[in-house]
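Derivation of every value follows stated rules applied to the coordinates shown; laboratory data play no part. Remember, it's a predicted structure, so these values are computed and weren't measured experimentally. Every residue, glycine among them, receives a Cβ derived from its backbone with ideal geometry; neighbour counts consider all protein chains shown.
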Amino acid sequence: MKKQFFAFLLLFVGSASAQAPIGVFDSGTGGLTVLEAILSLDAFNNRTGKPGADGKKDFANESFQYLADQANMPYGNYAGENKTDLLKENIFRCMDFLRGQTFQTRLDGRWNPQRKAPVKMLVLACNTATAYALNDIRDRVRSDKPGRPVIGVIDAGSKAALLHQQKNSGTIGVFATAGTVASDGYPRTLRRMATDYGLKDLSIVSQGGFGLAESIDRDWSFYADTLTRTRADYKGPSLQHKNYPIRPELMQVYRFDTTDHRLLCEYDDQGRCTEIQLNDPVNYTRYHLVSLLEKMLAEKFIRPLNTLILGCTHYPYMRDTIRNVLKELYNHQEKGVYVYRSVLAPVVELIDPSVETAKEAYVALRKQHLENRKALSFSNAYPRAEFFITVPNIDEPSVQLQPDGWFTYEYKYGRQPDPARQDVQVVPFDRTNVSEATYNRFKTALPAVYTLLLKAVFP
């Protein structure tokens, strides 16, 4: 069976054939929300390719490779550390992996190369990667024969936000990683596309969700469920943080969850909290939504926030929390005054770019005649989906690891770009490089993806 698979694989190594898999990429597991949208999409007639559901999933005949650059995530912090060149290097390596033919497994203390198929399409399910590298990636794959389509999430999210603004004019919020916000990718794209939707003079506000994606993906520097007290290596918002300070006068507005060490405080000898550290994704969400509305008040926005782009693929995991906190803030009163109603609409449309990205991917496949029209017989030799993740290469002498086995913050963002350095390896998802709690989150939030994970990771 394996020999037959490798013969089949080699048949299309040099050309991205219609039977090749689609590559979906993110800095972590957040991009699985895009893969879920792709797997669930029924927006086109598969016979004609025209818009309109036909009762059949649009990607039913397709196979997939998902890659999470977990070793180097979160991407959102590279800009703040002045390391966008290093960020691009990481992204390009991941693109080369998806276009390539090998991955690694670890056996008896050695890395062992294994064969895989190259992908026929690249879907950047990462807003930061799209903002900083989309055009460069398209240039890099231009010589591929036939050309591989490259799809990013920012255009898709912008289109959906502008469609909502056509119906209800207000302020568009961009809730994204700090790196995506620093790139100005969404405001630029929104303004560029606005005339196509008959819109002028857009009102846009951005909030960098520093630490939120990291906490969702359980990055040690921002969240650790084993902690019971504050620590020196915490990197998230705090009372003393220069760019993301927790404001004591807003504690009644944040309404942080203090149960089960989700909020860590350091007390003085009089029992007063002298330091605060967030230790749960819900508390990160609360902090940033309050900060966003406080910014709008300070800058005297005239139009209330009525559209919020979830500009990081991790954020849809927090959709219910975001919706509930916004409702809570709309009803927040101080001395009989509704504090935020001048800058917050009673209902905010949450824009998840995933569905629009899936639609763009389908259209691109049809345009380049790369859709697989013949149903494949998926098997262990030719799987429906493969899930890969980058891990630290423990054989690389320069690598510095923190207690959970991943790169230290200082190493991750302090090293210099070096194309020759091999400090990560790409391996399949397993029970150690992805936590059980994360798999449980997939089971609840991403049923289609989880079904494939059961076959790939828990056969």
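Points worth noting:
- The value given for the range 156-351 is a Kirkwood hydrodynamic radius of 17.5 Å, derived from the mean inverse Cα-Cα separation.
- Each label point was placed 7 Å from the Cα along the Cα-to-Cβ direction; for Asp184 and Ala60 their separation is 4.7 nm.
- Theoretical FRET efficiency, 1/(1+(r/R0)^6), r = Cβ-Cβ of Lys327 and Asp430, R0 45 Å, to 0.05: 0.70
- Note on Leu199 and Leu454: their simple-model spin labels are 4.0 nm apart, each label 7 Å out from Cα toward Cβ.
- Peptides ranked, highest mean first, by Cβ atoms within 10 Å: ranges 180-192, 419-431, 210-222: 210-222, 180-192, 419-431
- Coil-residue GluC sites (Glu not before Pro) of the range 34-113, DSSP, other Cβ within 10 Å capped at 15: Glu81
- Calculated log₁₀ intensity ratio I(q)/I(0) where the Debye formula runs over C-alpha points of the range 177-253, q = 0.11, 0.13, 0.20, 0.24 Å⁻¹: -0.46, -0.59, -0.97, -1.16
- Sorting 104-112, 297-305 by average packing, meaning the other beta carbons within 10 Å per residue, from highest down gives 297-305, 104-112.
- When the P(r) of the range 215-280 is calculated, the portion above 18 Å amounts to 34% of the C-alpha pairs.
- Annotation: extensible slack from Arg366 through Thr444 equals 24.9 nm (criterion: 0.36 nm per residue apart, minus Cα-Cα distance).
- Estimated FRET transfer efficiency when R0 is 30 angstrom, pair Arg262-Gln400 (beta carbons, to 0.05): 0.55
- DSSP H segments from the chain that extend 15 Å or more along their own axis, Cα-based, with Kyte-Doolittle mean of 0.0 or above: 281-298
- Taking the range 156-351 and dividing mean pair separation by its residue count, relative contact order in percent (alpha carbons under 8 Å, at least six apart): 26 percent
- Relative counts (whole %) of C-alpha pair distances in the range 107-213, using bins that are 5 Å wide: 2, 11, 18, 17, 14, 13, 10, 7, 3, 2, 2, 1, 0
- Extended-chain gain in nm, criterion 0.36 nm per residue less alpha-carbon gap, Thr408 and Arg373: 8.0 nm
- Each principal axis of the Cα atoms in the range 236-341 has its own extent, and those three values, largest first, are 46, 36, 25 angstrom.
- Expressed per residue, the C-alpha convex hull volume of the range 32-89 stands at 126 Å³.
- Cβ-derived FRET efficiency at R0 25 Å, Thr102 paired with Arg384, nearest 0.05: 0.80
- Taking amide H as placed 1.01 Å from N in the peptide plane, the amide H of Ser206 sits under 5 Å from that of Val174, each at least 5 places away or on another chain.
- Using only the C-alpha atoms, the convex hull of the chain corresponds to 157 Å³ per residue.
- Computed from the alpha carbon atoms alone, the convex hull of the range 406-452 holds 124 Å³ per residue.
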